[in-house]
Every structure is written in structure tokens, then in C-alpha cells.
2 protein chains.
Amino acid sequence: MILNKIKSSIQEPRITLVGAGPGDPDLISLKGVKALNTADVVLYDALVNGALLNHAPEHAIKIFVGKQSDDESFSQDAVNKLMIDYALNYGHVVRLKSGDPFVFARGFEEINFADSYNIQTEIVPGISSATGVPGLHKIPMIYGDLSESFWVLSGTNAKGEISADLRGAAKSNATIVVLMGIEKISEIAAIFKSEGKERLPVAVIENGSTHEENIIVGIVDTIAELIEDHEITSPALLVFGNVVSVHPAFDRIRDFYAVLAEG
Amino acid sequence: MILNKIKSSIQEPRITLVGAGPGDPDLISLKGVKALNTADVVLYDALVNGALLNHAPEHAIKIFVGKQSDDESFSQDAVNKLMIDYALNYGHVVRLKSGDPFVFARGFEEINFADSYNIQTEIVPGISSATGVPGLHKIPMIYGDLSESFWVLSGTNAKGEISADLRGAAKSNATIVVLMGIEKISEIAAIFKSEGKERLPVAVIENGSTHEENIIVGIVDTIAELIEDHEITSPALLVFGNVVSVHPAFDRIRDFYAVLAEG
């Protein structure tokens, strides 16, 4: 009897890595909601919509572990350790990350770290903004003669440099989606220009799928100016490719260049 | 009074395009579930999990519009027309598609067709198997020195041919995800071989995120044989790239080649 009592009071430590999706709180998966429903602790990132925390029980501990600018208090190392510590002491930790946890986020390192402690882990994928957000604006990734594939890159690699893959991407016929690239837009546009793609259509989507969403559509040649004029800031994603030309806002740009060509 | 009565009995026609996710019925978004909850009609594809239909009201009409092999009764044209017809006569049509509706599926054409009838449309993105399924197997898309980007392609393009983009993909350092490529595996592997990538790690995931899920891990040189030996069939996705080497099943392959190298 006493043994049973002790057993039932000790929570089984486990960690669920949940992708919260691109921003709209209703774009989390049903599986993610169910994980939150049974959370004892939620560790969440900066870009995670706060409304999602309402899916966790009232008693659950909710901790913001997002990196704020110049604030190094929550390094990846610190998050890893918090995750283990809370799992061992409280039971079910939900690690809530924006987008999909295995695309750009450090989901792999976090799961590996938990595995090294023999703590049970589960992964719940999320809608990556790379695929979900352009679709919300009726920009298809792959479409007829316009594109047969799409290539997703980060604006900067792990070393903080522009990825060498961007040059290959600019040469290719794929739809190119660049996440976290808005601050490097001039350098990124220069790479496309060096491949003779000054007039390639580009869409910039800020705060995709949220109420603060903004989209601008242009071409490589002028996109950096447009971003400055419209004061678009992070988080925003860039879509380079002919598929952007199907967006209604592109009609006026096409007309403009048609006039120039005839003039 | 009479006018009001008539008005309230006529449903406002509208169409919601919903991504059902990769297979696990709990990987649909909360927003997708809410759309289904208010559906008068659900038009669903072959790869959509039947359990999702339980989110629709009992009175809702549920119609399978998936293409079965050699059965041309539901062409894209027929689906488009059904969608409009049901919206005008019944109200809210949910068009439920596997994965994300704007990645490979013909979501763009369907939305465009509805727009041409001035029917109100909404898009609910889904988890694309391209990003969600490898993550479920703890294979990251982007990871440290192993990969700085990922490139998603279809095994065949709109004309039924292998996409010309595959050659560029095989040359690149990106993680390459090929959807619907299992039947063309010999030709696809040959492209990677022609780029000297015989030993590039490959994962094949069949029925990702469902109870019938299967994963095999190998290298380009032998993947076609492995697929045949394990009788892997469609739907399955292919992941080419060094990120696959972090999968536990790859250890034994690495050891095998290490032995060969020393032998």
C-alpha cells in the first residue's frame, strides 16, 4: 500500500518536443494540444504564441526560454539542462518551439540530450512557416512550368555567415524560401543579381499567419528598398521564384515592366 | 419575415482547403478540426486518414475524390466542379487534402477555380510530410556541418518525367527530400551516382507517422535493392543527405564501410 502511494506520487519523467506552427495559435496540431493538456511544465520560445499556454493545465509551470537580444541567460545549454531538471522533478515537460522543431530549431540537440539521460521523449511535428505561410497567401511552392521544387535555407548558417548553399539556390530553378534572412537582404539579393536574376519575383511575408501579418511583393532588383520603405522587420520570410508572379499584387509589377519594355 | 426565413435556409457557399498532415490523424491542425466541425460537405483524398471524417458533423456529406489507379472518374476538373456544386447547394465545403495543400497538391488550382465563382475561400495549411516525417525519426533537415538547407522535389514533374531539378539537387550540399519518388528510385539513385555520391546516406520512410510506418536507412549505391528487399511501396519519401547519418540505424552501415576501408 505505502509503496503504491509513493509510486503514484512520483511522476514519470518525459519530454515532448512540440512544433507550435507559424504563429496563428490554431495552427498547432491536435497532437500538440493533447501534449500541452498533460504538461506539468512548458518551456516555450520567443516566437510561440502565448495563447497556446492556455492548453496547459493551470497547475503547469510555464517558463519563457526564448533568447532575447543580447540576453544570453538562456543558452541552448541552459535550456537543455532546465528541460532535464524539470522532467526529473515534475514529470511531463513540453518543449514548445515555433514552426517545426526539426527544421531549423535545435530540436535534434534537445532530443539527443534528453536521450542521454534515458528520459522518454516524443516528437510532435509542426507546420513550418517555410511551407505553410506562402500557401496562406496563395503562393504555391510547386506549380506547373513555374517551379518543380522548393529549397529552404536560413539567412545565416550556424557560424552567422550567409550559407554557401544560397549561391546554388540562386542558380537553380527551384522556389527559394529563406527564413531569418531579412537582415541580410542586400547581400542575398546581390547573390541573385550576380546570377542575372534582377527581375525574379520575390515575396516578403512578415509575421506570417498572425494578425500583424504583412506581405510585400516585388522583384530582386528593388526588394531591399521595398523592405526598408515598408519597415518590414524580423520575423519575416523571403520567397524567391516565378511562383510569386501568381500573387495578385504582382499584376501591377508585371504591367510596369511591360510598359518599360514597349516604351 | 418570409424573406428572412428563405435567407436563413440558404447556406452561404464557402470552401475551406485543409491540409490533413502526413497521416497520423492527430497531426491535423486545430484550425483544420474547427473547419471540419462546421462542414456541410467534405471532399477527401486517398491519403487522408478516414478517422478525420469524425470531426465533421453527422449530417455532413463525405465524398471520396481520390484518384485510384486507372480510375479517371475523379479528374481535377471533376473535383473542381463538385466543389463548386456542393458549395452552392449545401454551404460549407471542406476540401481535405493530405500533407499541406499548397506544396505538391493542386490546392492553388482549386482555390483559383473557387475564386472565379466568387465563392469565399480559406486556406488551412497542414504539416507537409517532407518536413514532418523525417523529424519524427529524429532526422533533422538542417544540422551543423552536415546540412545548411533542404530541397524538396517530386519524383516526377507534371509531365510524368523525372524533374530536371534533381540533377542540381544531386550536385548540391542540401538535404534532399523526394516525395513520390519510390517508383523511380533506380533512376534517381543513378543521378546521385553520376555526381560521385554512391556513399551518400539515404533514408526511406514508408507510410510516415502512421501505424504502418517503416523506415530503412542505407546509402545511394544500394538503396534501390534495399527498397526491393524490404518491399517498400508508395506512399514513401526519400531523404538523401549526410543528416541521415545521425540515425541510429546508420551506425552499422558506417561500421561496415569502416571495416571495408581498413580491409
| task | Would you check if there is a residue in segment B:119-131 being out of contact with any His (no Cβ under 8 Å at 6 or more places or on another chain), within 26 Å of A:D26 (Cα to Cα), open to solvent by 50 Å² or more (accessible area, probe 1.4 Å) and more than 7 Å from chain A (Cβ to nearest Cβ)? | result | yes
| task | Would you be able to say whether some residue in segment A:194-211 is farther than 23 Å from A:G144 by Cα, acidic (D, E) and exposed (fewer than 12 other Cβ atoms within 10 Å of the Cβ)? | result | no
| note | Residue count, segment B:132-142, condition open to solvent by 10 Å² or more (accessible area, probe 1.4 Å) and at the interface with another protein chain (Cβ under 7 Å from one of its Cβ atoms), comes to 3
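Just give me the residues in segment A:96-113 being touching a strand residue (DSSP E or B) at 6+ places or on another chain (Cβ under 8 Å) and either part of a helix (DSSP H, G or I) or under 12 Å from B:G132 (Cβ atoms) (or both), in sequence order.
Of the residues in segment A:96-113, the ones touching a strand residue (DSSP E or B) at 6+ places or on another chain (Cβ under 8 Å) are A:96-105, A:107-108, A:110-111.
Result: A:G99, A:D100, A:P101, A:F102, A:V103, A:G107, A:F108, A:E110, A:I111.
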| note | Of the residues in segment B:145-160 that are open to solvent by 30 Å² or more (accessible area, probe 1.4 Å) and facing another protein chain (nearest Cβ under 7 Å), the one that is nearest to the chain's Cα centre (by Cα) is B:A158
| message | I'd like the full set of residues that are open to solvent by less than 50 Å² (accessible area, probe 1.4 Å), assigned to a helix (DSSP H, G or I) and touching a residue at least 12 places away in the same chain (Cβ under 8 Å), limited to segment B:32-52. | response | B:G32, B:V33, B:A35, B:L36, B:A51, B:L52
| Given the structure, is A:T16 open to solvent by less than 80 Å² (accessible area, probe 1.4 Å), over 21 Å from the mean Cα position of the chain (by Cα), closer than 30 Å to B:G19 by Cα and at pLDDT 90 or above? | no
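Take B:N173 and decide whether it is touching a helix residue (DSSP H, G or I) at 6+ places or on another chain (Cβ under 8 Å) and facing another protein chain (nearest Cβ under 7 Å). Give the steps one after another, and end with the answer.
On the way: touching a helix residue (DSSP H, G or I) at 6+ places or on another chain (Cβ under 8 Å): yes; facing another protein chain (nearest Cβ under 7 Å): yes.
Criteria met by B:N173.
Kindly indicate which of A:D165, A:D221 is within 27 Å of B:T156 (Cα to Cα), over 17 Å from the mean Cα position of the chain (by Cα) and open to solvent by 10 Å² or more (accessible area, probe 1.4 Å).
A:D165
So if I check each of A:F104, A:F113, A:F64, which one is open to solvent by 40 Å² or more (accessible area, probe 1.4 Å), closer than 22 Å to A:M180 by Cβ and in contact (Cβ under 8 Å) with a residue 24 or more places away in the chain? Explain how you work it out, then say what you get.
On the way: A:F113 fails: closer than 22 Å to A:M180 by Cβ; A:F64 fails: in contact (Cβ under 8 Å) with a residue 24 or more places away in the chain.
So the residue among A:F104, A:F113, A:F64 that is open to solvent by 40 Å² or more (accessible area, probe 1.4 Å), closer than 22 Å to A:M180 by Cβ and in contact (Cβ under 8 Å) with a residue 24 or more places away in the chain is A:F104.
The values are calculated or read from the model by the stated rules, or taken from the named source; none is laboratory data. None of these values were measured; they are calculated from a predicted model. Cβ coordinates were reconstructed from backbone atoms using ideal geometry, including for glycine residues, and neighbour counts include every protein chain displayed. With ligands, DNA and RNA removed, areas are computed over all heavy atoms of the protein, side chains included. Shrake-Rupley method; radii C 1.70, N 1.55, O 1.52, S 1.80 Å.
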